[in-house]
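Notes to accompany the following structure.
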Amino acid sequence: MPAQTPLYAIGDIHGQIDQLRQAIAWIVGRAAAQTEQNLKPKVVFLGDYVDRGEDSRAVLNCLIGLEAEFPSIQWIFLAGNHEAAMLGFLDNPLEHIAWLGFGGAETLLNYGVRPPVGVGGRAIQKTRDQLLQALPDTHLRFLQQLRHSHQCGDYLFVHAGLRPGVPLERQAPEDMLWIRDEFMNTPHWYGKCVVHGHTIETAPALHPWRIGIDSGAYCGGPLSCLVLTGNHREVIGFS
């Protein structure tokens, strides 16, 4: 990492607002001392803020307010496949109805929208319209403005991973959001160490070519935060 840039990366949140608040409080406490030393801390969120968990709405509210509340920290928000699926449902609900089955139903309820009964086109369309009405404009803009990747030092941050054998500049956003087995099962050096979430692992995976920090916060695991300073790296868990 660049000498002046301590970096924190946070794995998949999935509506776990209490764990997120713990992580942010810890980071902000450390960052306050770092900014006094003329350091410029960064925080990279790896996506999957919504779905599955109890309070996706509160998570988005929290993330949206960070830049104004803590301007001395650079906050970077990446898209996850769940944000992509939610936006797909808002754009074309019949084509993206599968979202309801892997976390979308919980997010609907969190916004006060009852999931549809059956899969009829009229019911699905009505559900989409109700979600659009319930979704604050700030939340929609936040989701639409998420990035697919971020590079810093010898690290590349994405949600899911990269496709082996494809140069960095030709990697597809779809793979950065959704890839799993092809990436996880193929050790490959991409010119950067890839930091990712998306695939739950029982413990943070610290390999030379990848670091995985989805520890299943929504299903009882900790919310993992990777800390990178110079040549040092460690993972802190928040339960």
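The values are calculated or read from the model by the stated rules, or taken from the named source; none is laboratory data. None of these values were measured; they are calculated from a predicted model. Glycine also receives a Cβ, built like all others from the backbone with ideal geometry; neighbour counts cover every protein chain displayed. Surface accessibility is based on the protein's heavy atoms, side chains included, excluding ligands, DNA and RNA. Shrake-Rupley method; radii C 1.70, N 1.55, O 1.52, S 1.80 Å.
Tabulated results
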{"item": "Lone unmet requirement of (1) farther than 16 Å from TYR155 by Cα; (2) touching a strand residue (DSSP E or B) at 6+ places or on another chain (Cβ under 7 Å) for HIS196", "result": "(1)"}
{"item": "Looking only at the range 35-55, and only at residues there that are modelled with pLDDT of 95 or more and outside any loop (DSSP other than H, G, I, E, B), the one that is farthest from LEU135 (Cα to Cα)", "result": "LYS42"}
{"item": "Helices (runs of 4 or more DSSP H) fully within the range 99-167 counting 3 or more residues that are out of contact with any Pro (no Cβ under 9 Å at 6 or more places or on another chain) and open to solvent by 40 Å² or more (accessible area, probe 1.4 Å)", "result": "121-134, 137-144"}
{"item": "Condition met for HIS188 (in contact with a Gly (Cβ under 9 Å, 6 or more places away or on another chain) and touching a residue at least 60 places away in the same chain (Cβ under 8 Å))", "result": "no"}
{"item": "Pair list, Cβ under 7 Å, 6 or more apart: the range 25-52 residue β-branched (Val, Ile, Thr), other residue outside any loop (DSSP other than H, G, I, E, B) and open to solvent by 10 Å² or more (accessible area, probe 1.4 Å)", "result": "VAL43/TRP75; VAL44/HIS150"}
{"item": "Contacts under 7 angstrom Cβ, first residue in the range 158-184 being over 17 Å from ALA85 (Cβ atoms) and touching a residue at least 12 places away in the same chain (Cβ under 8 Å), partner open to solvent by 60 Å² or more (accessible area, probe 1.4 Å) and assigned to a helix (DSSP H, G or I), 6 or more apart", "result": "ARG163/GLU182; PRO164/GLU182"}
{"item": "Filter result (under 21 Å from HIS159 (Cα atoms) and touching a Ser or Thr at 6+ places or on another chain (Cβ under 6 Å)) within the range 7-41", "result": "GLY11, GLY15"}
